[in-house]
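Enquirer: Okay, here's the structure, questions in a sec.
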Amino acid sequence: MVPVPDVGDITPALRSPRTTRGPRTSAGTHRPPAPPTSVRERPTPEAPDASDLSDTAVALPYVVLSCGMSIDGYLDNPTPQRLLLSNDDDFDRVDAERAASDAILVGAATIRHDDPRLLVRSAARRAERVARGLPASPTKVTLTRRADLDPDARFFAADDAEKLVYCASPALEAARHRVGDRATVVDAGHPCDLRGVWTDLAARGVGRLMVEGGGAVHTQVLAADLADELQLVVAPFFVGSSRATRFVGDAAFPFNEQRRARLAEVRQIGDVVLLRYALSPRFEDPTVTA
Ligand SMILES: NC(=O)c1ccc[n+]([C@@H]2O[C@H](COP(=O)([O-])OP(=O)(O)OC[C@H]3O[C@@H](n4cnc5c(N)ncnc54)[C@H](OP(=O)(O)O)[C@@H]3O)[C@@H](O)[C@H]2O)c1
């Protein structure tokens, strides 16, 4: 069994008094009032009590890893140009996943290499979010150790999405200097603890987090058992160069020969295939009705 993330598992260094509840977010969690900018100052999400067991499942965000890869397991090719692995229908599916999320996270290398907007593209989905009292697009989140961030990257554009940069402590001041008022820079510790980042996001009201890569981030999230679901799209071609970025690097993953992940869905979308894996007991299966 995959352990359900539990506030009791949070490292003592990240513990502090409970937060006050704020309004509900798209994923049904509560947005707290004033966010501090260090995960070490961050209050943990409310601990569940017997009268509100639903909060047990939202102590940490529900995390969906989303990724497109080639048949030979690469996220990209070794050229400076971004490799498009998906097709229009699948990009639209990913857009719907974004619209259903409270935040989207990518590693800083993906910002440098791909310069993604990370916005909801569909006008109808944007309008639907706004009608629910949400920003048109989810919060954008990145991780960095070196603060090698370009404030003119589209991640930091003056759009309607909130931006959060989780930065390792030694580069904190550099990061704040680089991005100025374009993003909130949060001290993620040294080394950066992803569970602490998840906890901080939960306290900011993020109930559903979409992790869109790249390989270094996927590797850490999967190895730390911090994902609930993997949506893996396989494109019908090979990259054929080990200089390209793989879906994951070397790590001790919790799913292995002895402990197999549950394949929850296989869906052909034009010339690509979507594989959905349930990685935790919290996995949401839309094909199951109550
Ligand atoms: N096919 C797809 O679905 C897809 C999706 C996204 C990306 N990609 C591709 O993936 C490639 C990029 O992947 P990548 O593996 O090179 O990099 P990445 O995972 O996007 O980002 C790695 C960077 O994130 C920061 N980081 C990661 N873990 C951290 C931690 N625990 N604490 C603090 N900072 C941390 C570091 O940034 P600093 O270096 O700034 O310290 C690190 O260099 C690109 O080629 C891109 O095109 C493909």
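Enquirer: Of all the residues that make up region 178-202, how many are of a type in the set (Ser, Thr, Tyr) and surrounded by 22 or more Cβ atoms within 10 Å (Cβ to Cβ)? So that I can check it myself, show each step before the final result.
Expert: Step one: of region 178-202, the residues of a type in the set (Ser, Thr, Tyr) are 184, 199.
Now drop any that are not surrounded by 22 or more Cβ atoms within 10 Å (Cβ to Cβ), which leaves 199.
Residues that pass the stated criteria total 1.
Enquirer: On to the next question. Return the total of residues in region 134-164 being within 12 Å of the ligand (Cβ to nearest atom), buried (at least 16 other Cβ atoms within 10 Å of the Cβ) and not basic (Lys, Arg). Can you show your working first?
Expert: Kept after step one, since they are within 12 Å of the ligand (Cβ to nearest atom), are these residues of region 134-164: 141-150, 153, 155.
Now drop any that are not buried (at least 16 other Cβ atoms within 10 Å of the Cβ), which leaves 141-145, 147, 149, 153, 155.
Within this subset, residues satisfying the condition of being not basic (Lys, Arg) are 141-144, 147, 149, 153, 155.
Looking only at that region, the number is 8.
Enquirer: Considering only region 106-120, how many residues are more than 16 Å from the ligand (Cβ to nearest atom) and either within 16 Å of residue 182 (Cα to Cα) or surrounded by fewer than 21 Cβ atoms within 10 Å (Cβ to Cβ) (or both)? Even if it seems obvious, please write down each step before you answer.
Expert: Taking region 106-120 as the starting set, the residues that turn out to be more than 16 Å from the ligand (Cβ to nearest atom) are 120.
Restricting the remaining residues to those that are either within 16 Å of residue 182 (Cα to Cα) or surrounded by fewer than 21 Cβ atoms within 10 Å (Cβ to Cβ) (or both) gives none.
Adding up the residues that qualify gives 0.
Enquirer: Considering only region 183-217, state which residues are near the ligand (Cβ under 7 Å from one of its atoms) and assigned to a helix (DSSP H, G or I).
Expert: So in region 183-217, the residues near the ligand (Cβ under 7 Å from one of its atoms) come out as 188, 191-192, 194, 212-217.
Within region 183-217, 194, 215, 216, 217 qualify.
Enquirer: Condition first: out of contact with any Pro (no Cβ under 8 Å at 6 or more places or on another chain) and buried (at least 20 other Cβ atoms within 10 Å of the Cβ). Now tell me which residues in region 203-217 satisfy that. Explain how you work it out, then say what you get.
Expert: At the first step, the residues of region 203-217 found to be out of contact with any Pro (no Cβ under 8 Å at 6 or more places or on another chain) are 211, 213-217.
Passing the criteria: 211, 213, 214, 215, 217.
Enquirer: Still on this structure, I have one more. Would you confirm whether any residue within region 134-153 is more than 20 Å from the chain's Cα centre (by Cα) and of a type in the set (Val, Ile, Thr)?
Expert: no
Enquirer: With the condition kept exactly as written, say whether any residue in region 61-70 is more than 15 Å from the ligand (Cβ to nearest atom), modelled with pLDDT of 95 or more and in a strand (DSSP E or B). Please lay out each step first, then the result.
Expert: First, pick out the residues of region 61-70 that are more than 15 Å from the ligand (Cβ to nearest atom): 61-62.
Keeping just the survivors that are modelled with pLDDT of 95 or more gives 61-62.
Then drop every residue that is not in a strand (DSSP E or B), which leaves 62.
Checking region 61-70: at least one residue is more than 15 Å from the ligand (Cβ to nearest atom), modelled with pLDDT of 95 or more and in a strand (DSSP E or B).
Enquirer: Considering every residue within region 274-284, establish whether at least one is more than 16 Å from the ligand (Cβ to nearest atom), more than 14 Å from the chain's Cα centre (by Cα), surrounded by 13 or more Cβ atoms within 10 Å (Cβ to Cβ) and not in a loop (DSSP other than H, G, I, E, B).
Expert: Yes: region 274-284 contains one or more residues that are more than 16 Å from the ligand (Cβ to nearest atom), more than 14 Å from the chain's Cα centre (by Cα), surrounded by 13 or more Cβ atoms within 10 Å (Cβ to Cβ) and not in a loop (DSSP other than H, G, I, E, B).
Enquirer: Check 218, 177 and return the single one that is out of contact with any strand residue (DSSP E or B) (no Cβ under 7 Å at 6 or more places or on another chain) and not polar (S, T, N, Q).
Expert: Just one listed residue meets the conditions, 177.
Enquirer: In region 218-240, what count of residues is obtained for those that are more than 17 Å from residue 264 (Cβ to Cβ) and either within 12 Å of the ligand (Cβ to nearest atom) or crowded, with 22+ Cβ neighbours inside 10 Å (or both)?
Expert: Summing the residues that are more than 17 Å from residue 264 (Cβ to Cβ) and either within 12 Å of the ligand (Cβ to nearest atom) or crowded, with 22+ Cβ neighbours inside 10 Å (or both) in region 218-240 gives 9.
The values are calculated or read from the model by the stated rules, or taken from the named source; none is laboratory data. Note that the structure is predicted; figures quoted are calculated from it, not measured. Note that each Cβ is placed from the backbone with ideal geometry, even for glycine, and that neighbours are counted across all protein chains shown.
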